[in-house]
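Encoded as structure tokens, the structure appears first; notes follow it.
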Amino acid sequence: MERADRILDAAAALLVRLGYRKVTIEDIAQRAGIGKGTVYLHWRTKQQLFDALLLREAIAYLESLMAELRRDPATVLPHRLLSFSFVDVHGRPVLQTLVTGDTRALQGLLADRPLRSQELLATKRMFELLVGHGLLRDDVPHLTYAMSALNSGFYLVDALDPQAAELDVRAKADALAFVVRHALEPATPPGPEELAQAAAEVIAVFEELIPPYRQWIYQG
């Protein structure tokens with residue numbers, strides 16, 4: 001496990017510096033101070049290695065999000081949840097590279113990642129409980145798509161509009177929160193008890209993802 005993490009640390013640094021296309025297994029092995037064959041003892045291909053890196057980053061992100069939900073259950077309000085996530089992702093160089101980098105190069109990595117079916121099920125469950133607790137409007141057509149498109153746009157707009165890059169991360173997160181609050185949430189939010197229950201259920205959904213993530217990362 002320690003050696004696997006050293007390899008993933010090397011892959012993370014190279015991904016941020018060079019981008020996915022340019023990183024090779026040889027580069028990763030050299031930076032980690034091991035032989036190329038040792039890398040293949042853990043993951044058979046470059047894609048599998050970066051799948052493992054993505055899952056490790058996802059665990060760190062989920063743990064941060066769960067800690068915030070435990071600290072303040074009102075973070076479960078969608079506009080606060082997405083705002084916190086936006087800032088958190090931009091504080092993680094690997095995740096920021098994955099969501100704002102070369103989308104063509106990363107498309108296969110993100111679309112075909114392992115445990116995708118579990119993630120889709122978790123997303124479906126989360127949306128159902130957010131609607132069930134009155135945190136999202138139930139009259140928005142294709143709600144999951146609308147929220148995903150809205151959220152993704154805030155991550156990708158910098159590549160389309162150079163002026164967008166002039167805003168700092170906090171300002172962008174505030175704008176995202178405002179749009180989500182007024183477009184997708186009911187006018188009156190639930191009370192503290194309902195928020196606490198919803199937060200606990202969201203945490204439970206996230207907690208179920210972490211063990212299979214860890215198992216896949218360190219499968220060797």
_Give me the three principal axis extents of the stretch 1-40 from the C-alpha atoms, as integers in angstrom, largest value leading._
24, 16, 14
*Over the chain: helical MRE at 222 nm, DSSP H runs n ≥ 4 each giving -39500 (n - 2.57), nearest 500*: -24500 deg cm²/dmol
*For the stretch 116-220, just run the numbers: alpha carbon Rg, then divide by 2.2 N^0.38 Å, N being how many residues it has.*
1.28
*Just tell me which lysines come within less than 28 Å, Cα to Cα, of Lys36; anything on the same chain fewer than 8 places away is out.*
Lys22, Lys46
*Can you tell me the accessible area per residue over the chain, all protein chains present, probe 1.4 angstrom, in square angstrom?*
52
*On a 0 to 90° scale, report how tilted helix 78-90 is relative to the longest principal axis of the chain, with both axes built from alpha carbons and the result rounded to the nearest 10.*
20
*asked:* What translational diffusion coefficient, to the nearest whole µm²/s, does the chain have by Stokes-Einstein, given a Kirkwood radius computed over alpha-carbon pairs, a temperature of 4 °C and 1.567 mPa s viscosity?
replied: 69
*Using 0.36 nm per residue of separation minus the Cα-Cα distance, give me the extension gain between Glu193 and Ser148 in nm, one decimal.*
13.5 nm
*Cα long-axis angle, helix 46-71 against the chain (0 to 90 degrees, to the nearest 10)*: 40
*Just the number, please: carbon plus sulfur as a percent of the accessible area of the chain, 1.4 Å probe, no ligands or DNA/RNA counted.*
55
*Modelled label-to-label distance, Ala74 and Leu120, 7 Å Cα→beta-carbon offset: nm?*
3.7
*Could you tell me which of rounded, prolate or oblate describes the stretch 27-89, using a ≥ b ≥ c as the square roots of the eigenvalues of the alpha-carbon gyration tensor, with rounded for a/c under 1.5 and, failing that, prolate when a/b is larger than b/c and oblate otherwise?*
prolate
_What does the C-alpha gyration tensor say about the overall shape of the stretch 109-176? Classify as rounded when a/c is under 1.5, otherwise prolate if a/b is larger than b/c, or oblate._
oblate
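The values are calculated or read from the model by the stated rules, or taken from the named source; none is laboratory data. Here the structure is a predicted model, which means the values were calculated and not measured. No Cβ is skipped: glycine too gets one built from the backbone with ideal geometry, and neighbour counts run over all protein chains shown. Remember, those area values only see protein heavy atoms, side chains included, never the ligands or the DNA or RNA. Shrake-Rupley method; radii C 1.70, N 1.55, O 1.52, S 1.80 Å.
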